[in-house]
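As structure tokens, the structure follows; a few thoughts come after it.
The values are calculated or read from the model by the stated rules, or taken from the named source; none is laboratory data. Note that the structure is predicted; figures quoted are calculated from it, not measured. Cβ coordinates were reconstructed from backbone atoms using ideal geometry, including for glycine residues, and neighbour counts include every protein chain displayed. Areas reflect the complete protein model, heavy atoms only, side chains present, ligands, DNA and RNA absent. Shrake-Rupley method; radii C 1.70, N 1.55, O 1.52, S 1.80 Å.
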Amino acid sequence: MNSTIKKDFFLKPALQLAKELLGCILVHRTDELELSGMIVETEAYMGPDDRAAHSFQNRRTKRTEIMFHEPGFIYTYQMHTHTLINVVCGEIGIPNAILIRALEPVDGIEKMIEFRKNQPISNLTNGPGKLTKALNITMESYGKPIWLPPVYIKEGIKPEHISSGPRIGIENTGEARDYPWRFWITENKFVSR
DNA sequence: ATCATGATAGCCT
DNA sequence: GGCTATCATGATT
């Protein structure tokens with residue numbers, strides 16, 4: 001009874017999904033190994049009206065295309081030297097997504113340490129670029145469903161308290177900079193900052 | 001605090 | 001085909 005999440009879990013408003021993903025487990029399972037961590041930090045990106053979103057003003061390109069499709073698919077993109085992973089949400093045609101910003105390591109920690117060049121556990125998955133490296137998630141995941149292996153989300157725990165605040169790394173986006181659309185599990189030590 | 005890194009997109013000519 | 005910016009990170013001052 002693996003508590004895999006069903007597809008329609010993702011069909012809900014972005015801000016609600018961003019909070020409900022906290023405490024869920026992100027898994028990368030292959031034949032050889034299973035790497036996983038509990039989601040402890042997320043950010044919502046609200047398509048048409050959010051200057052910080054790649055899909056601002058419904059910008060529809062090869063990169064953002066997946067966000068215009070069904071919720072529950074993976075939107076990955078490359079940022080300098082790192083891959084970042086998002087979950088598409090919103091109804092079809094509404095290009096919203098949730099960025100997964102930090103995990104608390106669960107399974108395969110030894111392997112994660114390897115992928116992360118012998119960093120201490122406290123520094124394995126506490127950032128969006130770090131967690132993809134630790135779980136060996138690449139651009140290959142773009143457009144794949146996030147309710148089925150190899151990269152999928154399953155049920156975890158319900159956090160006691162959730163905090164929210166402005167998002168990170170979007171200093172140059174006008175008023176969108178101040179929207180409190182970043183969520184994290186209060187007091188969790190794997191939050192990115 | 002700033003800087004180098006260096007994949008890819010998006011936009012311009 | 002060139003130019004510029006980017007939802008970061010690690011190293012360095």
message = at pLDDT 95 or above, over 19 Å from A:TRP181 (Cα atoms) and within 12 Å of DNA strand C (Cβ to nearest atom): is that true of A:PHE73 in this structure?
response = no
ask   = Which of the following residues is more than 29 Å from A:GLU34 (Cβ to Cβ), away from DNA strand B (no atom under 16 Å from the Cβ) and not polar (S, T, N, Q): A:GLU175, A:GLU160?
value = A:GLU175
ask   = Among A:GLY127, A:GLY156, which is the only one that is in contact with a Cys (Cβ under 8 Å, 6 or more places away or on another chain) and not aromatic (Phe, Trp, Tyr)?
value = A:GLY156
request  = For the stretch A:77-86, state whether one or more residues are open to solvent by 10 Å² or more (accessible area, probe 1.4 Å), more than 11 Å from the chain's Cα centre (by Cα) and away from DNA strand C (no atom under 11 Å from the Cβ).
outcome  = no
Unmet criterion (only one of (1) touching a residue at least 24 places away in the same chain (Cβ under 8 Å); (2) within 13 Å of DNA strand C (Cβ to nearest atom); (3) aliphatic (A, V, I, L, M)) for A:VAL106 = (2)
The stretch A:53-65, residues that are open to solvent by 20 Å² or more (accessible area, probe 1.4 Å) and either assigned to a loop (DSSP other than H, G, I, E, B) or without any contact (Cβ under 8 Å) to a residue 12 or more places away in the chain (or both) = A:HIS54, A:PHE56, A:GLN57, A:ARG59, A:ARG60, A:THR61, A:LYS62, A:ARG63, A:GLU65
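Yes/no matrix, rows are residues, columns are (1) at negative phi; (2) crowded, with 19+ Cβ neighbours inside 10 Å; (3) assigned to a strand (DSSP E or B); (4) in contact (Cβ under 8 Å) with a residue 60 or more places away in the chain:
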residue	(1), (2), (3), (4)
A:MET67	yes, yes, no, no
A:ILE94	yes, no, no, no
A:ARG101	yes, yes, yes, yes
A:ILE113	yes, no, no, no
A:LYS117	no, no, no, no
A:GLY129	yes, no, no, no
